[in-house]
Amino acid sequence: TITHELVTPLGFIKGYATTLLREDTSWDPQTRQEFLTIIDEEADRLRELIDNLMDSSRLQSGTLSMSFQPLRLDTFIKEVSMRAHTRYTELQIDLNIEAPGLQVSADPTRLAQVLENIINNAVKYAPGSPLLITLAKTKEQASISIKDSGPGIPAEQVEKIFNRFYRVKSQNTSIRGTGLGLYICRQIIHAHEGKIEAESEEGRGTVFKISLPIESKIN
Ligand code: ADP
C-alpha cells in the first residue's frame, strides 16, 4: 500500500509535468490550469504522506517531540473549524461549546493535526455529511467529540482503525489512504495523557471522542 501510495502521486506529477513541457503541443489555458491543479494536489498528497511516514517512524523510535503549553480549548476548536471551512468550503460544521474556558496542557500543532485528521477523514469517508463538534466536561476531563452522519464502520472493525496501517475492509476502495492517520492521532493523544475512541453505527455515522486532563478553567 505504501509503495502504491507513494508511486501514484509521483506518477501523476511526473506525467502531467512532462506533458506540459512537450514542445510539439500547445495547451489551451483551461487545460494547462487543469493539469497544474492536478500537479498541485498530488504534490500536497505526497507531502502529507511523507509527513505521516516520518511521524510514524518517529513514534516507533520514541523521538517525536512535543512542546506543551497551556491551551484554551474553545478558541482552539473554533480556529481549527475555521481553517477546515477554508479548506472545504462545502463542509458544514456545527460547533457546540458546552463547556467554555477549559484549559489543557497541549502541543497546539499536534492537537490540531489530530482534529484535522479526523475532519479530513469525515470529508473522505462521510462525504456530504455535516459535522458536529462538541466541547464538554465529563468526569473532570475535557471532552471533544466529532460526529458525522456518514456510512459508519462495522462494529468488529471500529477498534482496529487505530492500528498502524489498518483500513476498513469493504469500504469504497477508490478512496486513497494508508491507515497511518488514526494510529498517529492515538499516539499523540496518549502523549497528552488523554484518550481517543470511536463509536460507530453502520448507516448512521461515526463519532470520535477525545478526552484530555483539564489543567484549569478560565472565564
Ligand atoms: P487512511 O484514511 O489513510 O486510510 P486513517 O488511519 O486515518 O487512515 O483511518 C483508518 C480507517 O478508518 C480508514 O481507512 C477508514 O476505513 C476508517 N475511517 C476513518 N474515519 C472514518 C469515518 N469518519 N467514517 C467511516 N470510516 C472512517
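Of everything in the range 176-206 that's part of a strand (DSSP E or B) and crowded, with 16+ Cβ neighbours inside 10 Å, which residue is nearest to the ligand (Cβ to nearest atom)? The residue in question is T206. When the range 110-139 is filtered for residues that are more than 11 Å from the ligand (Cβ to nearest atom), farther than 25 Å from M66 by Cα and open to solvent by 60 Å² or more (accessible area, probe 1.4 Å), the ones remaining, listed by number, are G128, L132, T138, K139.
Scanning the range 2-27 for residues that are modelled with pLDDT of 95 or more and of a type in the set (D, E, K, R) yields a total of 1.
Within the range 146-168, identify whether any single residue is in a helix (DSSP H, G or I), within 9 Å of the ligand (Cβ to nearest atom) and more than 22 Å from L53 (Cβ to Cβ), and answer yes or no. Within the range 146-168, one or more residues are in a helix (DSSP H, G or I), within 9 Å of the ligand (Cβ to nearest atom) and more than 22 Å from L53 (Cβ to Cβ).
Pairs linking a residue in the range 37-53 that is in a helix (DSSP H, G or I) to a residue that is of a type in the set (D, E) and within 16 Å of the ligand (Cβ to nearest atom), with Cβ atoms under 7 Å and 6 or more positions apart or on different chains, are L49/E5.
All but one of (1) open to solvent by 10 Å² or more (accessible area, probe 1.4 Å); (2) more than 8 Å from the ligand (Cβ to nearest atom); (3) assigned to a helix (DSSP H, G or I) hold for T173; which doesn't? In the conditions (1) open to solvent by 10 Å² or more (accessible area, probe 1.4 Å); (2) more than 8 Å from the ligand (Cβ to nearest atom); (3) assigned to a helix (DSSP H, G or I), T173 misses (3) alone.
Every condition in (1) of a type outside the set (S, T, Y); (2) open to solvent by 70 Å² or more (accessible area, probe 1.4 Å); (3) part of a helix (DSSP H, G or I); (4) within 20 Å of I189 (Cβ to Cβ) holds for F12 except the one numbered (4). For beta carbons closer than 8 Å, sequence separation of 6+ or different chains, a first residue in the range 180-192 that is among the hydroxyl-bearing types (S, T, Y) and a second that is part of a loop (DSSP other than H, G, I, E, B), the qualifying pairs are Y183/N163; Y183/R164; Y183/F165; Y183/Y166.
The values are calculated or read from the model by the stated rules, or taken from the named source; none is laboratory data. Predicted model, so just to flag it, every value in this text is computed and none were measured. Note that we place each Cβ from the backbone using ideal geometry, even for glycine, and neighbour counts take in every protein chain shown. Ligands, DNA and RNA are excluded from the accessible area calculation, which covers all protein heavy atoms including side chains. Shrake-Rupley method; radii C 1.70, N 1.55, O 1.52, S 1.80 Å.
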